[in-house]
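What follows is one structure encoded as structure tokens, with my remarks underneath.
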Amino acid sequence: MAPIINFFKEEFLMNRFFKLLLSLALVMALAIPAAAGVLAEVQKKGVLTLGVSEGVAGFSAPDSKGKWVGFDVDMGHAVAAAVLKNADAIKYVPLASKQKIVAVSSGQVDITSRTTTWTMKRDAKQGVDFTVVVFYDGQGFMVKKDLGVKSAKDLNGASVSVTSGTTSELNVADFARANKIKLETVVFESKKEAFNAYLAGRVDAFTTDMSQLAAMRTTTPDPSQHIILPEMFSKEPMGPLVRHGDNQWKDLVTWVIYGLIEAEEKGITQANVLEMKAKSQDPVVKRMLGATGDIGSFINLDNDWLVRAIQAVGNYGEIYERHFGSDTTLNIPRGNNNLWTNGGLMYAMPIR
Ligand SMILES: N[C@@H](CCC(=O)N[C@@H](CS)C(=O)NCC(=O)O)C(=O)O
């Protein structure tokens, strides 16, 4: 019996040995793509591929010279400045609503920064990870002034246009059901078609995020003829998203944005960032700006990563003012997008 026992014992050990080898191979296979993740690709290409909208004023749209500008675009500049030392090293990929998730999950773009709401389904089921909420918004309705409607609850029996592939589609159905009103929702492939249908009077109302309603109203011949109804009926926390599973890249984008938010809280601006680095006695400021410590290495960058990002676009508040402030046609009050110290929701995690 002894040899048989030995045979089984040996086979048992061999099995374990092969299993161990197999697991090692698997771990290595998993480790290789992680090492050659998006950060390495971006550094190799020397350019950040940024998914933007097809044109939403204030967020991402080409200016009169064809240069992409906007709040969401500035998030890309900050990352490009931190990673590539060149805020303009960006290749823009305009994405329709339906493409904005799959473009990043498939690796077509390195980041989507385009009015995209963080939802459970997108996060858990669609191969993407959200980084930081950079704009808290909510959905609303726009109607023509001559419709004579003052509240969304008076829209019973109205027709509403909406863009396909957006959170707006489900929200508007939820709103009607919850308020026991009937809405005829007409879904269009693109925002342009949905909005044109409204402008042409084919539907009574148009629905999307409030900020976009404000932006789109400015593009009409006579904005005073359009009313944004007061009800905000959904939560739309929006922010840049990256591919699911590349934690190194997700961490980097996350902390660059937290850096911009913390910079506002600490009074670090585009104009004073170098002076703050040289003279500030605040230990948090010194650490953030690389005057002490080596936090840049935590995200695989040098210690001037945040100085470059702030030099490129300013702090969060400066970015907000540039694109939505009282000097802009959009003029969207900070509201929830204020710092937590001013009654808003902007709160950076500790940079240490
Ligand atoms: N926040 C919503 C919707 C935001 C959104 O992207 N809306 C569309 C329709 S208004 C849009 O802006 N499209 C711009 C475009 O087509 O370029 C979402 O994440 O689904």
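Worth a mention:
- Test: A158 is without any contact (Cβ under 8 Å) to a residue 60 or more places away in the chain, crowded, with 16+ Cβ neighbours inside 10 Å, away from the ligand (no atom under 16 Å from the Cβ) and not basic (K, R): yes
- Selection within the range 59-95 - crowded, with 24+ Cβ neighbours inside 10 Å, of a type in the set (V, I, T) and more than 16 Å from the ligand (Cβ to nearest atom): V79, V83
- Residue among A214, A178 that is more than 9 Å from the ligand (Cβ to nearest atom) and at pLDDT below 95: A214
- A Cβ distance below 7 Å, combined with a sequence gap of six or more or placement on separate chains, defines the contacts here; from the range 134-155, residues that are touching a residue at least 24 places away in the same chain (Cβ under 8 Å) reach residues that are surrounded by fewer than 24 Cβ atoms within 10 Å (Cβ to Cβ) and among the basic types (K, R) in the pairs G138/K235; M142/R217.
- Just one of the listed residues (T207, T254) is at pLDDT 95 or above and more than 15 Å from the ligand (Cβ to nearest atom), namely T254.
- Residue among E193, E184 that is within 12 Å of the ligand (Cβ to nearest atom) and surrounded by fewer than 21 Cβ atoms within 10 Å (Cβ to Cβ): E193
- Any chance A176 is touching a residue at least 60 places away in the same chain (Cβ under 8 Å), in contact with a Leu (Cβ under 6 Å, 6 or more places away or on another chain) and in a helix (DSSP H, G or I): no
- Test: K145 is modelled with pLDDT of 95 or more and more than 27 Å from G58 (Cα to Cα): no
- Among residues of the range 96-123, those that are more than 13 Å from the ligand (Cβ to nearest atom) and part of a loop (DSSP other than H, G, I, E, B), counted: 5
- Pair list, Cβ < 9 Å and 6+ apart or interchain, from the range 223-245 residues that are in the same structural domain as T49 (by TED's automatic domain parsing) to residues that are aromatic (F, W, Y) and more than 16 Å from the ligand (Cβ to nearest atom): V242/W249; R243/W249
Yes or no, residue by residue, for (1) closer than 17 Å to K191 by Cβ; (2) within 21 Å of the chain's Cα centre (by Cα):
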residue: T208; (1), (2): yes, yes
residue: T218; (1), (2): yes, no
residue: I228; (1), (2): yes, no
residue: P237; (1), (2): no, yes
residue: L241; (1), (2): no, yes
residue: H244; (1), (2): no, yes
residue: N247; (1), (2): no, yes
residue: K250; (1), (2): no, yes
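The values are calculated or read from the model by the stated rules, or taken from the named source; none is laboratory data. Note that the structure is predicted; figures quoted are calculated from it, not measured. Neighbour counts run over all protein chains shown; Cβ positions are idealised from the backbone, glycine included.
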